[in-house]
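The values are calculated or read from the model by the stated rules, or taken from the named source; none is laboratory data. All values reported here derive from a predicted model rather than from experimental measurement. Note: ideal-geometry Cβ built from the backbone for every residue, glycine included; neighbour counts use all protein chains shown. SASA here: full protein model, heavy atoms, side chains in, ligands and nucleic acids out. Shrake-Rupley method; radii C 1.70, N 1.55, O 1.52, S 1.80 Å.
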Amino acid sequence: MVIEHAERFGLAQLHQLRGRIGRGAERSNCLLLYRAPLGETAKARLAIMRDTEDGFRIAEEDLKLRGEGDVLGTRQSGMPGFRVARIEVHAKFVGPARDDAHLVLARDPTLESSRGQALRHLLYIFERDEAIRLLRAG
């Protein structure tokens, strides 16, 4: 398989295309062609594709390169919306935090209790006021 302008593709796309060949007993090759000069991100993407076929590692590297976007919104990539947490470092806390947020909203849907008011202030400080509406939506 030959992929022209490989620098224009994302890691997931390149990995998916490369996975379409070599499924049988015969040997296969995937040639990634690119146009120089390459930017730093494109160099990193192509290096990852050269170094591994592990989809999990490719996904982790893609997360580092593109960013996780907005967990509570619609942005699917870009620098993190968090000011404190980094998803690749704090991922194990996201589930419990989400569960706790659901519990708080179940007990105090209008965030009127003292804890609810504290959460409103935190959301305001972190410019995430719209999260209240999104959390209620599930």
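Output the qualifying pairs, or none if there are none: Cβ atoms under 7 angstrom, residues six or more apart or on different chains, first residue in the stretch 45-64 and free of Cβ contacts under 8 Å to residues at least 60 places away in the same chain, second residue open to solvent by 60 Å² or more (accessible area, probe 1.4 Å) and not in a helix (DSSP H, G or I).
The qualifying pairs are 46/34.
Under the condition of being among the charged types (D, E, K, R) and under 23 Å from the mean Cα position of the chain (by Cα), which residue from the stretch 24-50 is farthest from residue 6 (Cα to Cα)?
Per the stated criteria, the residue is 40.
How do the pairs read when you match residues in the stretch 28-43 that are open to solvent by less than 80 Å² (accessible area, probe 1.4 Å) with residues anywhere that are among the aliphatic types (A, V, I, L, M) and assigned to a loop (DSSP other than H, G, I, E, B), using Cβ under 9 Å and keeping only pairs 6 or more apart or on different chains?
The qualifying pairs are 28/1; 28/21; 30/1; 30/21.
Considering only residues of the stretch 2-27 that are at pLDDT 90 or above and among the β-branched types (Val, Ile, Thr), which is most open to solvent (accessible area, probe 1.4 Å)?
2
Taking residue 16 as meeting all but one of (1) farther than 15 Å from residue 2 by Cβ; (2) in contact with a Ser or Thr (Cβ under 7 Å, 6 or more places away or on another chain), write down the number of the exception.
Result: residue 16 fails condition (2) only.
What are the residue pairs meeting all of these: first residue in the stretch 107-125, first residue under 16 Å from residue 97 (Cβ atoms), second residue of a type in the set (Asp, Glu) and open to solvent by less than 50 Å² (accessible area, probe 1.4 Å), Cβ atoms under 6 Å, and 6 or more apart or on different chains?
116/108
Here are the criteria: (1) modelled with pLDDT of 85 or more; (2) open to solvent by 80 Å² or more (accessible area, probe 1.4 Å). Tell me which single one residue 120 does not satisfy.
(1)
So, in the stretch 60-96, of the ones that are at pLDDT 85 or above and open to solvent by 60 Å² or more (accessible area, probe 1.4 Å), which residue ends up nearest to residue 10 (Cα to Cα)?
60
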